[in-house]
Amino acid sequence: MRRFGLAAAFFLCFAVAGYGVAVYGLGPSGARVHPDMLANFQAHPVGITTHILASALALVLGPFQFNTRLRARRPALHRWMGRIYLGVAVLVGGIAGLYMSYYAFGGLLAKSGFATLALGWLYTGAMAYVAARARDFNAHRRWMIRNFALTFAAVTLRLYLPPVFIFQLPFEQAYALIAWVCWVPNLVVAEWIIRSTARQQAVLPFPT
Ligand code: HEM
């Protein structure tokens, strides 16, 4: 069951990254989004393209960074992928995401939801980097779990969209709510994972 969940999460990360690169890699005009969103993207092509191409890297690299075997066998690869994840994907994608949140569709609620997500993404990324540099790997792991939970908002956002169409909910209001719902529960799950794995590690006789 756990393996199935992880495989599904991996697949969804690659699918959303692939969607972003395929649809926006050649320019935002290929997007099938709300006309107001499309107009925003066409008015800010550098912001949206930079955001998507950089952020897609986080979805592709992130899942591998949690693989214990890869970390143990190829520590240099883990460090390099981590530098690209934090230094390119989160930093560049997050700043561009923060910029785009100012123009987001769905009014103030959507703008504030995306802006808070972007700030949280940048903050948890910075904390993870500082902890790694200080060789505090427990703290580094905790901050990376939080950070990836926020990266995963790109997946959860798109999982919440089909019910909006199926139940014909008013799109603008639903989208504004999703700008918050796509990441707040992810952070709650991240805290639960951090606490439950810390408890498991505490009962083990040796550190893992
Ligand atoms: C976690 C921090 C993120 C923030 C704060 C963020 C923010 C935003 C904002 C504000 C927009 C414009 C929405 C609008 O105009 O209404 C947007 C669009 C978009 N973002 Fe992100 N984003 C994040 C992560 C990601 C990731 C990891 C990807 C992966 C590829 C991604 C892919 C996209 C795509 C493809 C769009 C265009 C809309 C669509 O076609 O679905 N974002 N993002």
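The values are calculated or read from the model by the stated rules, or taken from the named source; none is laboratory data. None of the values given here were measured: they were computed from a predicted structure. When we count neighbours, we look across all protein chains shown, and the Cβ atoms used for this are built from the backbone with ideal geometry, even at glycine. Accessible surface areas use protein heavy atoms only, side chains included; no ligands, DNA or RNA. Shrake-Rupley method; radii C 1.70, N 1.55, O 1.52, S 1.80 Å.
Hey, can you rank 184-194, 146-156 by average C-beta count inside 10 Å, highest first?
Most protected by this proxy first, the peptides run 146-156, 184-194.
Give me Rg/Rg_expected for the stretch 1-75, where Rg uses Cα atoms only and Rg_expected = 2.2 N^0.38 Å with N residues. Show your work: numbers first, answer last.
Working: Rg = 15.8 Å, N = 75, 2.2 N^0.38 = 11.3 Å.
Taking the Cα Rg and dividing by 2.2 N^0.38 Å, one obtains 1.39.
When ranked by the protection proxy of mean other Cβ atoms within 10 Å per residue, highest first, what sequence do the peptides 135-143, 161-169, 45-53 form? Show your work: numbers first, answer last.
Values: 135-143: 15.7, 161-169: 10.7, 45-53: 18.9.
Sorting 135-143, 161-169, 45-53 by mean packing, highest first, produces 45-53, 135-143, 161-169.
How large is Rg over Rh for the stretch 2-203, taking Rg from the Cα atoms and Rh as the Kirkwood inverse mean of 1/r across Cα pairs?
Values: Rg = 17.1 Å, Rh = 17.6 Å.
When Rh is taken as the Kirkwood radius, the ratio is 0.97.
Would you mind computing, in nm to one decimal, how far apart the modelled labels at Arg135 and Ala76 are, each placed 7 Å from Cα along Cα→Cβ?
Here the answer is 1.9 nm between the modelled labels.
Convex hull volume of the Cα atoms in the stretch 96-204, per residue, in Å³?
On the way: hull volume 10.1 nm³, N = 109.
Looking at the stretch 96-204, the number lands at 92 Å³ per residue.
Pairing the Cα long axis of helix 153-166 with the longest principal axis of the chain, what angle in degrees results, from 0 to 90 and rounded to the nearest 10?
40
Hey, if we sort Tyr160, Tyr85 by accessible area with the 1.4 Å probe, largest down, what's the order? Don't jump to the answer; show the numbers that get you there.
Values: Tyr160 75, Tyr85 0 Å².
Largest to smallest exposure gives the sequence Tyr160, Tyr85.
Using the charge dipole of the stretch 1-77 (Lys, Arg: +1 at Cβ; Asp, Glu: -1 at Cβ; taken about the Cα centre), state which of Ile48, Leu59, Val21 has its Cα farthest towards the positive end.
Positive-most Cα among the choices belongs to Leu59.
With a/c under 1.5 counting as rounded, go ahead and sort the stretch 43-92 into rounded, prolate or oblate using the C-alpha gyration tensor (a ≥ b ≥ c being the square roots of the eigenvalues; past the cut-off, prolate if a/b is larger than b/c, else oblate).
Details: a/c = 5.05, a/b = 2.95, b/c = 1.71.
Prolate, because a/c is 1.5 or more and a/b exceeds b/c.
Assign unit charges at the C-beta atoms only (+1 for Lys and Arg, -1 for Asp and Glu), then state the dipole size of the chain relative to its Cα centre in Debye, rounded to the nearest 20. It would help to have the intermediate numbers written out before the result.
Numbers: 18 positive and 4 negative charges, 226 e Å.
That gives a dipole near 1080 debye.
Cα centroids of the stretch 85-142 and the stretch 30-65: how far apart, whole angstrom?
Using only Cα atoms, the two centres lie 15 Å from each other.
Given R₀ = 30 Å, what would the calculated FRET efficiency be for Ile166 paired with Ile84, taking r from the Cβ atoms and rounding to 0.05? Please report the intermediate quantities before stating the final value.
Working: r = 37 Å, r/R0 = 1.25.
In this case the efficiency is close to 0.20.
How much accessible area per residue does the chain have, in Å², with a 1.4 Å probe?
Values: 12420 Å² over 208 residues.
Ligands and nucleic acids excluded, the figure is 60 Å² per residue.
Mind pulling the angle between the C-alpha long axis of helix 171-181 and the longest principal axis of the chain? Nearest 10 degrees, somewhere in 0 to 90.
With rounding to tens, the tilt is 10 degrees.
With all protein chains present, how much of the accessible area of the stretch 50-208 (probe radius 1.4 Å) comes from carbon and sulfur, to the nearest whole percent? Can you show the working numbers first?
Working: 6400 of 9220 Å².
Solvent-exposed carbon and sulfur of the stretch 50-208 make up 69 percent of the total.
With n ≥ 4 as the cut-off for DSSP H runs, can you work out [θ] at 222 nm for the chain, using -39500 (n - 2.57) per run divided by the number of residues, rounded to the nearest 500?
Result for the chain: -26500 deg cm²/dmol, rounded to the nearest 500.
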